[in-house]
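The values are calculated or read from the model by the stated rules, or taken from the named source; none is laboratory data. Every value quoted in this text rests on a predicted model; they were computed, and no experiment measured them. Cβ placement follows ideal geometry from the backbone for every residue including glycine, while neighbour counts extend to all protein chains displayed.
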Amino acid sequence: MDMLQQQCERLKFLAGKPETEAARNEVLLALTSKWDGVRVNAAKVLGSWGGPANMAVLLHRYAETRQYSGERSGIRKALCLAVSDNDAHWLIDCCFKPGLVERSCAIEMLSHLSGNVLHQALARLNGQDDEVRHLHCDLLFRTRSYPDRIKSLQALSSDINPTIALRARQYLSWLKWVEPALFNTEPAKPNHSSRGKAFDRKFNRAKQKRQLAIRKESM
């Protein structure tokens, strides 16, 4: 195992241990490494530890990292690990105006919070505002713990704003495909229509003829 691998393994080990001053200093030093992989693993350690101080470090690194880079993506995942319910309000603000992170990152981080906390935070906003309902729609899709998730999306699917209504219908269609249990989908019932019975009889007769032909060939 080379030195780079050893550093990454060491950081992964620290991620599963309680935060100490010595360990944090080691991770902060790794965050200045010339290797992207080491920096990303260091960010993940801070994310797993969480807390306001580590969140501040990650936000600073995120702002300094080149957009669309692998490192930025790794730090974004670390931010999702570090996020807490106390971050709900400033993250929601980032969805409506420039802030510490862009809207897409804010939504991803918000989706890792408690659904009840998100529900309460959004309830304080003006539900008549299109941007608020749009955000509500996006969070309903991404946050599994959101209360009355499917019912709320179904309500938004007939929203007065056609863009929001279309987005809600697209989300419902996708969720119905990947998480059918959310819709209490029942197994398909047997076809008892006259056409279905006729097809069954025809299929059974063909099956019997084939079995008879096989027996004759074996005699």
| message | Could you tell me how many of the residues in segment 73-124 are more than 15 Å from LEU139 (Cβ to Cβ) and of a type in the set (Ser, Thr, Tyr)? | response | 2
| query | From the residues in segment 93-123 that are small (Gly, Ala, Ser) and not in a helix (DSSP H, G or I), which one is surrounded by the most Cβ atoms within 10 Å (Cβ to Cβ)? | reply | SER111
| remark: The correct count of residues that are in a helix (DSSP H, G or I) and among the β-branched types (Val, Ile, Thr) in segment 142-177 is 3
| Any idea how many residues of segment 15-33 are among the β-branched types (Val, Ile, Thr) and surrounded by 14 or more Cβ atoms within 10 Å (Cβ to Cβ)? | 1
| task | Report yes if ARG76 is modelled with pLDDT of 95 or more, within 18 Å of the chain's Cα centre (by Cα), farther than 20 Å from LEU113 by Cα and of a type in the set (Lys, Arg), otherwise no. | result | no
| said: Need the failing condition index for LEU58 against (1) crowded, with 19+ Cβ neighbours inside 10 Å; (2) farther than 24 Å from THR32 by Cβ, just the number. | reply: (2)
| remark: For segment 50-73 the number of residues that are of a type in the set (S, T, N, Q), at pLDDT 95 or above and within 17 Å of ALA30 (Cα to Cα) is 1
| request: Report, by residue number, each residue of segment 124-141 that is out of contact with any Asp or Glu (no Cβ under 7 Å at 6 or more places or on another chain) and either of a type in the set (A, V, I, L, M) or part of a helix (DSSP H, G or I) (or both). | output: LEU125, ASP130, GLU131, VAL132, HIS134, LEU135, HIS136, CYS137, ASP138, LEU139, LEU140, PHE141
| Only one residue in ASP85, ASP36 is touching a Ser or Thr at 6+ places or on another chain (Cβ under 6 Å), more than 20 Å from ALA22 (Cβ to Cβ) and surrounded by fewer than 16 Cβ atoms within 10 Å (Cβ to Cβ), so which one is that? | ASP85
| query | So, in segment 6-36, of the ones that are of a type outside the set (A, V, I, L, M) and touching a Gly at 6+ places or on another chain (Cβ under 9 Å), which residue ends up modelled with the highest pLDDT? | reply | GLU19
